[in-house]
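The values are calculated or read from the model by the stated rules, or taken from the named source; none is laboratory data. All figures in this text were calculated on a predicted structure; none of them were measured in a lab. Cβ: placed from backbone, ideal geometry, glycine included. Neighbour counts: every protein chain shown.
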Amino acid sequence: MGIEQKLGNMGVATLTLETAVNWARTNAMWPMLFGLACCAIEMMAAQASHYDMSRFGMELMRASPRQSDLMIVAGRLSRKMAPVLRQLYDQMPEPKWVISMGDCASCSGVFNNYALVQGVDEIVPVDVYVAGCPPRPEALIHGVVTLYEKVKGEKFKDLEKA
Amino acid sequence: MDKKLELIVQALQEKYATSIEEFREEVHVFVKAEQIVDALTLLRDKYDFELLSALTATDYWPQQSPRFHVIYQLSSIARNITLQLRVPVNGDQPKIPTATRVYDVANWRERELLDMFGIEIEGHPDPRRILMPEGTEGHPLRKDFPLGYEEPQFTFNIDEIDLRKPYAKE
Amino acid sequence: MAQLEEANIDLYKHLVSERALTGETMLLNMGPQHPSTHGVLRLLLELDGETVINCIPDIGYLHTGIEKNMEAKTYLKAEVMSDRLDYMNTMGNNLAYVMAVEKLVGLDVPPRAQAIRVILTELQRIASHLVFLGAFGLDLAAMSVFLYCFREREAILDIAELCSGQRMMTTYFRPGGLWRDVPVEFETAVRDFIKIFPKRVDEYETLLTKNPILLDRTVGIGKLDVATALQHGVTGPPLRASGLNWDLRKARPYSGYEQYDFNIPTRTEGDTFARYIVRIEEFRESLKIVEQALNKLPMGPVNSDNRKFVPPPRSELGVSMEALIHHFKLWTEGFPAPKASVYSAVESPRGELGVYLEGDGGPKPHRVHWRTPSFDNLSAIEKMSRGHLVADLVAILASIDIVLGDIDR
């Protein structure tokens, strides 16, 4: 169901620039490989053929932060790894979003102790939290679709940063 | 205990005047810290204990002497038996000699002891922290190190905890 | 929040050769975030061109403090944390912990529970080796193997979800038996899996085993001989691929393994290709064990009768006062363990997984130490990778099959 069916034979489309830009951003958002622990395996399962994430635009996972838009923090973040996460987040170019996948990334889950950062939002600002230990691949896809809806509602004036 | 183990334990007792403990068909032999490298060499060369399965420690705080028990779990593949050696170590200035000359795996395992319990290893080729980041103060698996527990947020205290939590803004 | 400090050579001076200090060889960081290190592992490489002179692993980026956290919970509640150690072999970790608790308190397990434990552990072994195969193929740029393996893994995860409600972190084995009996559809699901799987293994073999690119990249790479392996405490498929026929399921059988008839695949070359072949053979052997255990599955209870440690069934709670008291004590306080220590080991897909459990008379463990196989297997990587190229190092790391949750605990 593409744009042609809505427009007929006109050859001209009129829409706001924001809609066009947001449509382009959501239809080809490439995540960065940041699988830390058990949630990474469910992320790999979501990328594999049974629950395919490429249907939603995430065709491949980029290892380099300079070439990705989305960081899915999948797994528990220890205090030794926290500065590395911050540096990788800073290296990603704008626009960028963060999904915190799993209980350990959202609130440190089962582990309430000295070694883990109690929730990734102490280090990077998070857009969508996906709950579960580990979340089913369908839950992760629901989280991704929620992020798309958030991105579709973004306005240019909110993105203006000093 | 297993017949094959009896001879070995007797030999150890004669040589090092050790005491033993048995529980659920396992044998724990208590050895002093100075004798442990000799005992390990003897067990590896004469009695075919080729595999050092585990090297760990237990903390018995607030009891200070001994405060730690260092545990060596040995396994023999040729004879299919296991044996456990325990070394009691005191609380102030705990130290044991290194076993890296006997088993190569002790290199990393002793670094973990140094990191987690603060037990000094004499003669270790690479005494750095292994699991905790550099510059950590304290040794986590000791009993007087706190768990680092964060207070769970319920509806009655969520606002105050939210104010104190360091959220990242951008 | 601590900023990343620039690494200086003084920290590693005693580990690298003298040529690094003059700048003749290059020190390169294969950092914590890398597509080919299986998880967050940092390798410091000293390179002469592309050849690896020294390889120094830096671990601890996934340290979760599980051992200390288990001391703060009762024996039953601490089992939840044991799944999350080696997250590929979750039911195997549960088995190791539950066997240690049963050995410590002296609890018996009925034969039906033992047989179901064997079936699920062997299925978990197949699932873990499937991820190994997928990641191995992915690291050597054979991506279709990865997609095929995850298709099979979905069938096994469906079986786990059928029994326990959760795909990965099941906590299905409890001290004294299982959480609850398997549902009626379990047998048909496992039999369907047994029917389709052998042909799939043959399919993977036709893709990989005689492939000239794979043979070029893995034969003769990363040799490990038996003496070095034993000195480094290496157990599991890397040790069996080097020539020593040592498997805890045959040597010190547990949970009823002595009743089943299976072989231990062994090779003698000790290189990456041998480690890959050993795991392919283990697929077939595990499937044999699952079929035998399913055929011989006895009827009977799945939990021990000892109400001091196993909660009574809910049907008894309305009629018996002792059942109510036992239920109350077990769920509020937990059961006490004697003031002693045990060490109990099982054979996980990576090697010898051992639990050292020490009780102190109360309901919480005094010390839990996990002897994890990936820690020792990784310590041998320096000797295995000396003189090889960086691309070979990726293949060697994939073939040892480490899981960072195991190493850092």
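For the stretch C:219-226, the condition of being of a type outside the set (D, E, K, R), more than 30 Å from B:Ala106 (Cα to Cα) and not in a loop (DSSP other than H, G, I, E, B) holds for none of the residues.
Checked across the stretch C:389-405, the condition of being of a type outside the set (Ser, Thr, Tyr), in a helix (DSSP H, G or I), closer than 27 Å to A:Lys80 by Cβ and within 11 Å of another protein chain (Cβ to nearest Cβ) holds for at least one residue. Screening B:Asp144 against (1) touching a residue at least 40 places away in the same chain (Cβ under 8 Å); (2) buried (at least 17 other Cβ atoms within 10 Å of the Cβ) leaves a single unmet condition, (2). Checking each residue in the stretch B:87-111 for being among the small types (Gly, Ala, Ser) and within 13 Å of the chain's Cα centre (by Cα) picks out B:Ala99, B:Ala106. Sub-7 Å Cβ pairs linking a first residue in the stretch B:33-50 that is surrounded by fewer than 17 Cβ atoms within 10 Å (Cβ to Cβ) to a second residue that is aliphatic (A, V, I, L, M), at least 6 apart or interchain, are B:Thr41/B:Val102; B:Asp48/B:Ala78, ordered by first then second residue. Scan the stretch A:107-139 for residues that are buried (at least 19 other Cβ atoms within 10 Å of the Cβ), outside any strand (DSSP E or B) and in contact with a strand residue (DSSP E or B) (Cβ under 6 Å, 6 or more places away or on another chain) and jot them down. Within the stretch A:107-139, A:Ser108, A:Ala115, A:Val120, A:Val124, A:Val126 qualify. How many of the residues in the stretch B:115-136 are within 26 Å of C:Lys364 (Cβ to Cβ) and at pLDDT 85 or above? Going through the stretch B:115-136 one residue at a time, the tally reaches 7. Note on the stretch C:4-30: among residues that are within 14 Å of chain A (Cβ to nearest Cβ) and modelled with pLDDT of 70 or more, the one that is surrounded by the most Cβ atoms within 10 Å (Cβ to Cβ) is C:Met30. For the stretch B:147-163, the criterion of being within 14 Å of chain A (Cβ to nearest Cβ) and within 14 Å of the chain's Cα centre (by Cα) is met by no residue. Going residue by residue through the stretch B:134-141, is there one that turns out to be surrounded by 15 or more Cβ atoms within 10 Å (Cβ to Cβ) and more than 10 Å from every other protein chain (Cβ to nearest Cβ)? Yes, the stretch B:134-141 contains a residue that is surrounded by 15 or more Cβ atoms within 10 Å (Cβ to Cβ) and more than 10 Å from every other protein chain (Cβ to nearest Cβ). Looking only at residues in the stretch C:49-68 that are more than 10 Å from chain A (Cβ to nearest Cβ) and of a type in the set (A, V, I, L, M), the one that is nearest to C:Tyr97 (Cα to Cα) is C:Ile56.
Considering A:Ala28, A:Ala24, A:Ala48, the condition of being more than 24 Å from A:Asp158 (Cβ to Cβ) and of a type in the set (A, V, I, L, M, F, W, C) is satisfied by A:Ala48 alone. What do you reckon, is C:Ala189 closer than 18 Å to C:Val118 by Cβ, modelled with pLDDT of 90 or more and surrounded by fewer than 19 Cβ atoms within 10 Å (Cβ to Cβ)? Against the criterion (closer than 18 Å to C:Val118 by Cβ, modelled with pLDDT of 90 or more and surrounded by fewer than 19 Cβ atoms within 10 Å (Cβ to Cβ)), C:Ala189 qualifies.
Taking helices (runs of 4 or more DSSP H) that fall entirely within the stretch C:256-348, which contain at least 3 residues that are small (Gly, Ala, Ser)? It would help to see each step written out before you state the result.
On the way: elements: C:272-295, C:314-317, C:321-332.
Where helices (runs of 4 or more DSSP H) fall fully within the stretch C:256-348 and carry at least 3 residues being small (Gly, Ala, Ser), they are C:272-295.
Remark: pairs (first residue in the stretch C:142-171, away from chain A (no Cβ under 11 Å); second residue part of a loop (DSSP other than H, G, I, E, B) and among the β-branched types (Val, Ile, Thr); Cβ separation under 6 Å; 6+ apart in sequence or on different chains) = C:Ala160/C:Thr170; C:Cys163/C:Val182; C:Ser164/C:Thr170. Residues of the stretch C:45-66 that are surrounded by fewer than 19 Cβ atoms within 10 Å (Cβ to Cβ) and part of a loop (DSSP other than H, G, I, E, B): C:Gly49, C:Glu50. Does the stretch A:75-94 include one or more residues that are surrounded by 20 or more Cβ atoms within 10 Å (Cβ to Cβ), away from chain B (no Cβ under 14 Å) and of a type in the set (Ser, Thr, Tyr)? No: the stretch A:75-94 contains no residue that is surrounded by 20 or more Cβ atoms within 10 Å (Cβ to Cβ), away from chain B (no Cβ under 14 Å) and of a type in the set (Ser, Thr, Tyr). C:Glu122 satisfies every condition listed in (1) facing chain A (nearest Cβ under 10 Å); (2) of a type outside the set (Val, Ile, Thr); (3) farther than 25 Å from A:Asp52 by Cβ except (1).
Within the stretch B:69-87, the only residue that satisfies the criterion of being away from every other protein chain (no Cβ under 11 Å) and in contact with a Ser or Thr (Cβ under 8 Å, 6 or more places away or on another chain) is B:Val70. Applying the criterion of being among the small types (Gly, Ala, Ser) and part of a strand (DSSP E or B) to the residues of the stretch A:70-91, the residue that is farthest from A:Tyr148 (Cα to Cα) is A:Ser78.
Candidates B:Arg44, B:Arg86: the one that is assigned to a strand (DSSP E or B), out of contact with any Lys or Arg (no Cβ under 7 Å at 6 or more places or on another chain) and of a type in the set (Lys, Arg) is B:Arg86. Out of everything in the stretch C:245-276 that is surrounded by fewer than 20 Cβ atoms within 10 Å (Cβ to Cβ) and hydrophobic (A, V, I, L, M, F, W, C), what residue ends up being farthest from the other protein chains (Cβ to nearest Cβ)? It comes out as C:Phe262.
Within the stretch C:31-44, the set of residues being surrounded by fewer than 20 Cβ atoms within 10 Å (Cβ to Cβ) and more than 11 Å from chain A (Cβ to nearest Cβ) comprises C:Leu44 only. Within the span defined as the stretch A:19-33, one or more residues are of a type outside the set (Lys, Arg) and within 11 Å of another protein chain (Cβ to nearest Cβ).
Name the single residue, out of those in the stretch B:47-63 being more than 8 Å from chain C (Cβ to nearest Cβ) and not in a loop (DSSP other than H, G, I, E, B), that is farthest from B:Phe117 (Cα to Cα).
Filtering first and then ranking leaves B:Leu55.
Of all the residues in the stretch B:60-72, those that are surrounded by fewer than 20 Cβ atoms within 10 Å (Cβ to Cβ) and not polar (S, T, N, Q) number 5. Give me the residue from the stretch A:101-121 that is farther than 19 Å from A:Leu147 by Cα and of a type in the set (S, T, N, Q) and, out of that set, farthest from the other protein chains (Cβ to nearest Cβ). Applying the filter and picking the extreme gives A:Ser108.
Scanning the stretch A:30-57 for residues that are on the phi < 0 side of the Ramachandran plot, in a loop (DSSP other than H, G, I, E, B) and surrounded by fewer than 23 Cβ atoms within 10 Å (Cβ to Cβ) gives A:Trp30, A:Leu33, A:Ala48, A:Ser49, A:His50, A:Tyr51, A:Asp52, A:Met53.
Considering only the stretch C:69-112, how many residues are in a loop (DSSP other than H, G, I, E, B) and facing another protein chain (nearest Cβ under 10 Å)? Going through the stretch C:69-112 one residue at a time, the tally reaches 10. Would you confirm whether or not the stretch B:100-107 contains a residue that is part of a helix (DSSP H, G or I), more than 8 Å from every other protein chain (Cβ to nearest Cβ) and touching a Pro at 6+ places or on another chain (Cβ under 9 Å)? No: the stretch B:100-107 contains no residue that is part of a helix (DSSP H, G or I), more than 8 Å from every other protein chain (Cβ to nearest Cβ) and touching a Pro at 6+ places or on another chain (Cβ under 9 Å).
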